[in-house]
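Trainee: Once you've had a glance at the structure underneath, I'll fire off some questions.
The values are calculated or read from the model by the stated rules, or taken from the named source; none is laboratory data. As the structure is a prediction and not an experimental result, all values here were calculated from the model. For neighbour counting, all protein chains shown are included, and Cβ atoms are generated from backbone atoms with ideal geometry for every residue, glycine included. Please note that ligands, DNA and RNA were not included when accessible areas were found on the heavy atoms of the full protein model with its side chains. Shrake-Rupley method; radii C 1.70, N 1.55, O 1.52, S 1.80 Å.
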Amino acid sequence: MPKLFPDIGTGPPLVGIALIAAQGKALDQGHEVEYLTLANRSVLARCVSSRVPFSWMINPYRGCEFGCKYCYARYTHEFMELRDGMDFERRIYVKQHTAWLLRQELKRVRNGQSIAIGTATDPYQPAERKFGITRSIMEEFARHEGLTIGLVTKSDLILRDLNLLLAVSGKNRLSIHITVTTLNTNLARVLEPRAPRPDLRLKAVQKLVEAGVRTGVNCVPVLPGITDDPSDLESVVRAAAAAKAMFVAAGPLFLKPCSAKIFLPFLKENFPDLVPLYQERYSDRAFLPVEYRRRISTLVKKYCVKHGIGMHDETFKSQAVPERHLLQQLNLFAAGK
């Protein structure tokens, strides 16, 4: 049987996060997945980009088992000198001492600044069942008040922490974003092979809302020629309304070169007729033209009005980010995560 992970050969000495990752200790193994420790020195990362509507980011894990074919965040493993795009879903790094670090670092958060959890990896991916890093982070947030917090996930595992989320939202402004890119279960299984089914995510939305936790649906990313048909978009909004979602956000695919290495072969295998379209649209850019983004925004807004729910979450309104940037970058907040 071939090795799942090849031996690291000789080369330049590792430094920084690559060295820390190489020193990680094996915690456990799953089906084609290895869990390793990551002795991080910080859990709260400052966001300096003007493109995103939040000030701070938290990712409890590095890597994500859901294996979404479109995930933009695969590049984050390259910082650890893991260049194979599949490493992102096969090598999951579990951050250590996160709650203690967060307690120290929350002193840096100022009034009006917001914290986004799950900007690169899903905080409720399967690893969370084993290690509970996200739960420890939310337990720490429950000790504080006056914070603005957003969390994005594709997993109904979040319901495990319902009482804890209520405790956090009782003293802070908490917003949960459940990602649903399609209602087609077969399509979702191909696009997001190890994520919970769309109907389970929508049931989680309803249970969270009914319990009193502000929750909405992220229809992110919208994939040209695959999930952007008006009837498909309306079906997601309609289902979100039926689940009592308080808002819906939508934004088109953001395709970095490292993600294209995984996504384009997937496209060739499953949607070969769309390959020329994607090669043309993403040949020299990661974002689609503003006209396309505006079309998606207009459609989703129309359907939200029709079905009686908000267009997008107001959690990060204090950041005063223009709507074009918010809609363009919501996929960065989705874990795609």
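Trainee: Kindly state, to the nearest 0.05, the FRET efficiency for LYS268 paired with ALA242, given R0 = 56 Å and r defined as their beta-carbon distance. Spell out each step's value before the answer.
Mentor: Numbers: r = 35 Å, r/R0 = 0.63.
With R0 = 56 Å, the Cβ-Cβ based efficiency is 0.95.
Trainee: List the GluC sites (Glu not before Pro) within the stretch 113-178 that DSSP assigns to loop and that have no more than 16 neighbouring Cβ atoms inside 10 Å. Spell out each step's value before the answer.
Mentor: Values: sites: GLU128, GLU139, GLU140, GLU145; in loops: GLU145.
Passing sites in the stretch 113-178 are GLU145.
Trainee: Let me ask something else about it. Stretch VAL190-LEU166 to full length: gain in nm at 0.36 nm per residue minus the Cα-Cα span?
Mentor: Using 0.36 nm per residue and subtracting the Cα-Cα distance, I get 5.3 nm.
Trainee: Per the Kirkwood definition applied to all pairs of different Cα atoms, how many angstroms is the hydrodynamic radius of the stretch 246-292?
Mentor: Computed over the stretch 246-292, the radius equals 11.8 Å.
Trainee: For the stretch 166-236, what is the Kirkwood hydrodynamic radius in Å, using each pair of distinct C-alpha atoms?
Mentor: When all Cα pairs of the stretch 166-236 are included, the Kirkwood radius is 13.2 Å.
Trainee: Could you order ARG201, ARG135 so the one with the most accessible surface comes first? Probe is 1.4 Å. Show your work: numbers first, answer last.
Mentor: On the way: ARG201 0, ARG135 85 Å².
Accessible-area ranking of ARG201, ARG135, largest first: ARG135, ARG201.
Trainee: From the convex hull of the Cα coordinates of the stretch 48-187, what is the mean projected area in square nanometres?
Mentor: 9.3
Trainee: Take the Cα pairs of the stretch 150-302, get the Kirkwood Rh, then feed it into Stokes-Einstein at 25 °C and 0.890 mPa s and tell me D in µm²/s.
Mentor: Working: Rh = 16.4 Å.
In µm²/s, the coefficient is 149.
Trainee: Moving on to the next point. Just order 170-178, 285-293 by mean Cβ neighbour count inside 10 Å, highest at the front, would you?
Mentor: Result, highest mean first: 170-178, 285-293.
Trainee: State which entries of LYS171/LYS302; LYS69/LYS268; LYS171/LYS301; LYS95/LYS154; LYS244/LYS302; LYS154/LYS256 exceed 23 angstrom in Cα-Cα distance in the structure shown.
Mentor: LYS171/LYS302; LYS171/LYS301
Trainee: So if each residue of separation counts as 0.36 nm, and I subtract the Cα-Cα distance between ARG41 and ARG295, what length gain in nm does that give?
Mentor: Here the segment from ARG41 to ARG295 would lengthen by 87.2 nm.
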